1. Name the residues whose placed amide hydrogens come within less than 5 Å of the amide hydrogen of Lys62, ignoring near sequence neighbours (fewer than 5 apart) on the same chain.
2. Hey, can you rank 36-49, 105-118 by average C-beta count inside 10 Å, highest first?
3. Please compute the contact order of region 70-144 in relative form: average sequence separation of alpha-carbon pairs under 8 Å and at least six residues apart, divided by the residue count, as a percent.
4. Work out the length of the dipole vector of region 52-211 about its Cα centre, built from +1 on the beta-carbon of each Lys and Arg and -1 on the beta-carbon of each Asp and Glu, and round it to the nearest 20 debye.
5. Distances over 29 Å make up what percent of all Cα-Cα pairs in the chain?
6. Can you tell me the relative contact order of region 12-127? Whole percent, Cα pairs under 8 Å, sequence separation 6 or more.
7. Within 12 Å, Cβ to Cβ, of Gly173, how many net charges do the neighbouring residues add up to if Lys/Arg are +1 and Asp/Glu are -1?
8. Hey, what did the chain get for relative contact order, percent, Cα under 8 Å, at least 6 apart?
Amino acid sequence: MNRLLRAVCTSFAACMASIASAKAVYPDVPEQINSSAKYVFYSHGYIVEGDNETPIHKRWGKYDFPAIKQALSDDAYTLIAEHRPKGVAPEAYTKTLVSKVHKLLDAGVSANNITLVGFSRGGALTIMASDALKNDAIHYVVLAGCAGLIKSKTEIKLYGKVLSVYETSDQVGSCDFVKARSANLKSFTELSISTGKEHGAFYLPRDEWLKPVKSWILNH
């Protein structure tokens, strides 16, 4: 085998291995729902709303939505990550997110096998969905999501089992104030990370937040 042919074969094999290792990510609840499976929703930040999955922030750089989806996906659960349209109102999309969760519940999926994860605006949507669902068994992961929108909506409370993660260099800090007004929380765990990347710490699938989040999902 000559060098060129050997190189082509090696490259093809690497590509096939990469494709084989890629895990499925759905933009919506799959048509075929496995009632015994685990499902995870990921809601992205405000900057990704629209047509661009990799927008650039002038201070924090690229938000790599495709890379985050692939890194967050896992054989142990089905990941659902919708690319929201531009200008969608938080209240309207909360209803959409809640309807997706109800679709799983109506199909027989246990609430204990459903996790909602959201960053920034997506974190606020996750909190609002928690308030609307009021289900003690559903899991929620809030990534730097307790900012102005949630502070202004003082009637919004958290339910179920919650993990909060925030970056110490970010203006969006702890979710303690939401915990304090959420008397019916099943459990609440909060972690801080310190990358120095401010809000942009969650723009890429960094190990600092990704590893504890996946570990929490897989162990709850």
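The values are calculated or read from the model by the stated rules, or taken from the named source; none is laboratory data. What you see is a predicted model, and the numbers here were worked out from it, not measured in a lab. Heads up, the Cβs are rebuilt from the backbone with ideal geometry, glycines too, and the neighbour counts pull from every protein chain shown. Please note that ligands, DNA and RNA were not included when accessible areas were found on the heavy atoms of the full protein model with its side chains. Shrake-Rupley method; radii C 1.70, N 1.55, O 1.52, S 1.80 Å.
1. Those qualifying (amide H under 5 Å, at least 5 residues apart or on another chain) are His57.
2. Values: 36-49: 21.1, 105-118: 18.9.
The most tightly packed comes first, giving 36-49, 105-118.
3. Numbers: 61 pairs, mean separation 21.8, N = 75.
With pairs under 8 Å counted, the relative contact order is 29 percent.
4. Working: 21 positive and 17 negative charges, 82 e Å.
Dipole of region 52-211, to the nearest 20 debye: 400 debye.
5. Numbers: 6256 of 24090 pairs.
Roughly 26 percent, once rounded to a whole number.
6. Once normalised by length, the contact order is 41 percent.
7. On the way: positive: Lys151; negative: Glu167, Asp170, Asp176, Glu190, Glu198.
Here the charged neighbours net out to -4.
8. Numbers: 409 pairs, mean separation 41.6, N = 220.
In percent, rounded to a whole number, it is 19.
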